[in-house]
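One structure is given here, and the rest of the page talks about it.
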Amino acid sequence: AARSHLKQWTRVVDLLADPRGRFQQLAKANPAMAASVKGRFLLAEAQLAQQKPDEAMAAIEPLTTEPLELQLAWQRDHLRARTLQAQGLLAQASEVVSNMAGLSMDFPALKAEENALLAKLLEERGLTEGALEAWRRNLAPAVSPERQREALLHVSNLLISRGLLAEAMQTIETITNAATADITMLTLGDLRLRMSLQTNAPAISNLLSAALDAFNTVLSNHPASTLIGNAQLGRGWCLWLLNRIGESADAFQAAAQVLPDSYNLAVARFKLGDALAAQKRYSQALTNYNL
């Protein structure tokens, strides 16, 4: 367990997978013992972390017929579903998750994790409606803030990807949980920005100004949020489209300084180059294009 917290997955496998090792000998002698079960879970996690789903399945397969207490049975099936997902067997993984419902009914945290896994599987299968339904279950007030934040991002992205901007806006505006306020405001800004590109000219500046207000709210009310880079990127786009080029350069620069390696970072660098070139600051623009 200590090695797993250190992400030393090879060492975890060395300790737990050796058929002549002490763990395997004891686990075979007492397969339902808590230490045996948890050790097999750790071994499966280590194999998944090393992208070895077949080995992960082999680690937990002996537990499929063991009578386990509810939470351990749930954890076993959750690992099985993730392993099937890693093997590309998405329909089978979805079926396993669907059958877990009876194990998690008394454990809200497990139910939320179950909803998230099922939603991801349905997304991978292209079953958007089912995925939306599963994610929306994690928007309930009783769900942890972290799970609500995850669900809110996925719901909004799925609706936006389908061009359902008005429905996405309506969904987001119903969220009042303070724990997700930064994501809610960022998503509102993003929706208003996207809608400005699909509307008639007289309404564009109003939508852009409203989007800019939302992004500014993220910065002022949630300065420690992990979404600051995305908010700055959104500000940059709004200011660029409002022809406030100098300010847009500052926003794109701020985004580029904090965004992780990602598509959004590439966009921030590219648009910073555009804004600098528009101001005839060509050498600085070239630097960002090269980056």
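Here is the tail figure for the chain: Cα pairs spaced more than 29 Å apart come to 50 percent of all pairs. Here's the list of aspartates and glutamates a cross-link from Lys280 could span, going by alpha-carbon distance under 16 Å and ignoring same-chain residues fewer than 8 apart: Glu247, Asp250.
When the pairs Lys120/Lys271; Lys28/Lys111; Lys28/Lys52 are compared against a 25 Å limit on Cα-Cα distance, Lys120/Lys271; Lys28/Lys111 fall above it.
Size descriptor for the range 31-132, Kirkwood hydrodynamic radius: 13.8 Å (Cα pairs only, one decimal). Accessible surface ranking for Ser205, Ser248, 1.4 angstrom probe, highest first: Ser205, Ser248.
Measuring r between the beta carbons of Leu197 and Glu95 and using R0 = 45 Å, the FRET efficiency lands at 0.65.
Taken per residue, the accessible surface of the chain reaches 52 Å², heavy atoms only and a 1.4 Å probe. Helix screen, the chain: DSSP H segments with Cα axial length of 18 Å or more and mean Kyte-Doolittle hydropathy at least 0.5 are 34-49, 201-221, 263-278. Given R0 = 41 Å, the distance between the Cβ atoms of Ala34 and Arg136 translates into a calculated FRET efficiency of 0.70. Relative to one another, the C-alpha centroids of the range 50-80 and the range 230-291 are positioned 47 Å apart. The fraction of accessible area contributed by carbon and sulfur in the chain is 53 percent, rounded to a whole number (1.4 Å probe; ligands and nucleic acids excluded). Each stretch of four or more DSSP H residues adds -39500 (n - 2.57); spread over every residue of the chain, this sum gives -23500 deg cm²/dmol at 222 nm.
The values are calculated or read from the model by the stated rules, or taken from the named source; none is laboratory data. Predicted, not measured: the structure shown is a model, and the values here were computed from it. Note that each Cβ is placed from the backbone with ideal geometry, even for glycine, and that neighbours are counted across all protein chains shown. Heads up: the accessible areas ignore ligands, DNA and RNA and are worked out on the full protein's heavy atoms, side chains in. Shrake-Rupley method; radii C 1.70, N 1.55, O 1.52, S 1.80 Å.
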